[in-house]
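S.K.: Here's a structure for you.
The values are calculated or read from the model by the stated rules, or taken from the named source; none is laboratory data. Just so it is clear, the model here is predicted, and its values are computed rather than measured. FYI the Cβ positions are ideal-geometry reconstructions off the backbone, even for glycines, and counts take in every protein chain you see.
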Amino acid sequence: IDPRTDVSITSDGNLLFDKAVKDNVETVWHRHEAQQPQCGFCDMGLSCRICIMGPCRVDPFGQGPQTGVCGADADIIVARNLCRMIAAGAASHSDHGRDLVEVLEAVSKGEAPGYKIRSEEKLRRVAREYGIQTEGKDVLTVAGELADAMMEDYGMRRKSVTLVNRAPEKRRKVWEKAGITPRGIDRETSEMMHRTHMGVDNDWVSLLTQGLRNALSDGWGGSMIATEVSDILFGVPAPKPTMVNAGVLKKGQVNIVVHGHNPVVSEMVSKACISEEMLALAKAKGAAGINLVGVCCTGNELLMRRGIAMAGNHLMTELILSTGAVDMMIVDYQCIMPSIGKAAACYHTKMISTSDKARFPGMEHHEFHPDNAEEKAKTLVKAAIENFGNRKQVYIPVAPQEAVGGFSIETILGALGGTPAPLIDAIKAGKIRGAVGVVGCNNPKIKHDYGHVTLIKKLIENDILVVDTGCVSVASAKAGFKVPSAIEMAGPGLKEICGALGIPPVLHLGSCVDNVRILVLVSALADALGVDISDLPVAGSAPEWYSEKAVTIGVYCVASGITTHLGPMPPVTGSMNVVKLLTEGLNDVVGATFGVEPDPEKAAVFLIRVIEKKRKALGLDS
Ligand code: SF4
Ligand code: WCC
Ligand code: FE2
């Protein structure tokens, strides 16, 4: 990599990249460069290694083989590959949801010391949605019954997963008609894997239809359960001030970074960090305190509920280590590059893995379970404090940026007086043209955070309210979009509305599973207007996505009626049939499509057009 090129649009990204290079730390950018040129067949989705008669490749230029050994053509191979990405993404979110349901069950049995029901109100509300009689029952009984009912959602006993009932009736009819109402969370993923085995489903339309159902089993199933149970166990988020970027690390304090997705571990660590015993120990070791910060989505979970600061997003995870200021990094699962143990070895940082499902080179494994989590967390925080004295040189090159996070739908509606009516009025009046959910990852194929920040800036300038989650939310917070004064960057209508409410023009809705909060919000808006989600002036975008989970999110958004933009091209260009279905044909089935555009400036134009078209169809500007 040419040392003069900036890998990021952020100063901490570039300065810490230079520091990493100086320290001989290999980064994701180096490895990405070493992979060039990446395989063109794979890039187009035209390679298959599903069975051992292969691996096979279809020649996109029409000269070489047009089918694999089994006879699968480009359409089948591309569709199967995409469907397996959907299955993997759905499995990841939904398995995360399962872990939370297990904690909920353990709490109900008194087998999870340290955990408790933080939102009884939400527990009872969600339990009622599951048809559980809650009156006169004590909280732990309700918790046990809800955990049980949610476990059924994972299986094959139900006609549909329970929380699809949150979708507007019109949307549920669309799903019924298309045959994509998700039945069971594990069932849809399992069936997807079955159908993509050699010699099962060999119709690209039928495969992709199951792909939609599989993604919906995540969005309205596993991910939604993950978010709801997290709120029940750890509290419903409310707006809180926080700080972001690498500057949140503190020179004089013990720095502990949590990385991954599931708040089950990070919540216990955060509890241990504020205990008197640990603070006293830290002081005895010469530290002014214990500074817990997050990266990626487990950081988002803590930020949403506790205002805990955020050191960075996906591509910052190696760079944060190169500050030399991290005394311990504790990871759970997902999006944790297997490289970071090696990066940490250049410094004094202790690296800890905590999940029985996720192990990493160069990390010490300390397994967390509901019954031992409280104790484990204390042991680890102690070890981090002990490690404080081993620091060598510390380099924290930036000052932190202020931000506000914690916008759950409950608090958004609460701030509006309990109904979405004021928001709808603002949309009807055209002061807010519409809303876009900007979500997803970073990807070294795009300059770090460039896609997110450029797109969001354009959208708010054009009076479009932005809600964001996941790694985008860190990018936009670092760019200063998440302080109330950011309304100065918004168009006049959005400025007026957000100014009156005292909120920023970009609202942080949480982690990647929290994209379901967007589904709940658009359902409330559609119900209030008596329309379907696909009629609303809303859209989705994942400007720098990289992961299989992001594919699944994109597909459940589209299947829910939200037209969605993708920055990087998914591996589908080997089949024009699949491309056409995703970008045009789906409109007839679910009333929404995908659009792909790597350039965020152009993507903004695409999204604005989608919104203006919806407004027109609703007769809003007549
Ligand atoms: Fe090749 Fe067919 Fe096997 Fe895929 S499933 S590896 S295309 S033979
Ligand atoms: Ni969610 Fe994407 Fe970040 Fe990982 S943490 S990198 S899936 S957005
Ligand atoms: Fe390949």
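S.K.: Is there any pair with a first residue in region 155-171 that is closer than 24 Å to residue 528 by Cβ and outside any loop (DSSP other than H, G, I, E, B) and a second that is modelled with pLDDT of 95 or more and among the hydrophobic types (A, V, I, L, M, F, W, C) whose Cβ atoms are under 6 Å apart and which are 6 or more apart or on different chains, and what are they?
M.R.: 163/220; 163/224; 164/220; 171/533
S.K.: Quick one: residue 80 ticks every box in (1) within 16 Å of ligand 1 (Cβ to nearest atom); (2) of a type outside the set (Val, Ile, Thr); (3) surrounded by fewer than 24 Cβ atoms within 10 Å (Cβ to Cβ) bar one, so which box is it?
M.R.: (3)
S.K.: Mind counting the residues in region 594-605 that are closer than 25 Å to residue 526 by Cβ and crowded, with 20+ Cβ neighbours inside 10 Å?
M.R.: Total meeting the criteria: 3.
S.K.: For a quick check of your reading of the model, give me the residue pairs whose first member lies in region 71-82 and is free of Cβ contacts under 8 Å to residues at least 40 places away in the same chain, whose second is among the polar types (S, T, N, Q) and surrounded by fewer than 22 Cβ atoms within 10 Å (Cβ to Cβ), with beta-carbon atoms closer than 7 Å and at least 6 apart or on different chains.
M.R.: What qualifies is 73/66; 73/67.
S.K.: Can you tell me which residue among 264, 254, 248 is out of contact with any helix residue (DSSP H, G or I) (no Cβ under 7 Å at 6 or more places or on another chain) and either buried (at least 24 other Cβ atoms within 10 Å of the Cβ) or of a type outside the set (Lys, Arg) (or both)?
M.R.: Numbers: 264 fails: out of contact with any helix residue (DSSP H, G or I) (no Cβ under 7 Å at 6 or more places or on another chain); 254 fails: out of contact with any helix residue (DSSP H, G or I) (no Cβ under 7 Å at 6 or more places or on another chain).
Being out of contact with any helix residue (DSSP H, G or I) (no Cβ under 7 Å at 6 or more places or on another chain) and either buried (at least 24 other Cβ atoms within 10 Å of the Cβ) or of a type outside the set (Lys, Arg) (or both) holds for just one of 264, 254, 248, which is 248.
S.K.: What's the total number of residues in region 544-562 that are among the hydroxyl-bearing types (Ser, Thr, Tyr) and over 14 Å from residue 212 (Cα atoms)?
M.R.: Narrowing region 544-562 to residues among the hydroxyl-bearing types (Ser, Thr, Tyr): 546-547, 552, 556, 560.
Restricting the remaining residues to those that are over 14 Å from residue 212 (Cα atoms) gives 546-547.
Final tally of qualifying residues: 2.
S.K.: Out of the residues in region 435-482 that are touching a Ser or Thr at 6+ places or on another chain (Cβ under 6 Å) and among the acidic types (Asp, Glu), state the one that is nearest to residue 246 (Cα to Cα).
M.R.: Among those residues, the one meeting the criterion is 449.
S.K.: Mind checking whether some residue in region 39-59 is free of Cβ contacts under 8 Å to residues at least 40 places away in the same chain, of a type outside the set (Val, Ile, Thr) and under 22 Å from residue 441 (Cβ atoms)?
M.R.: The answer is yes, given that some residue of region 39-59 is free of Cβ contacts under 8 Å to residues at least 40 places away in the same chain, of a type outside the set (Val, Ile, Thr) and under 22 Å from residue 441 (Cβ atoms).
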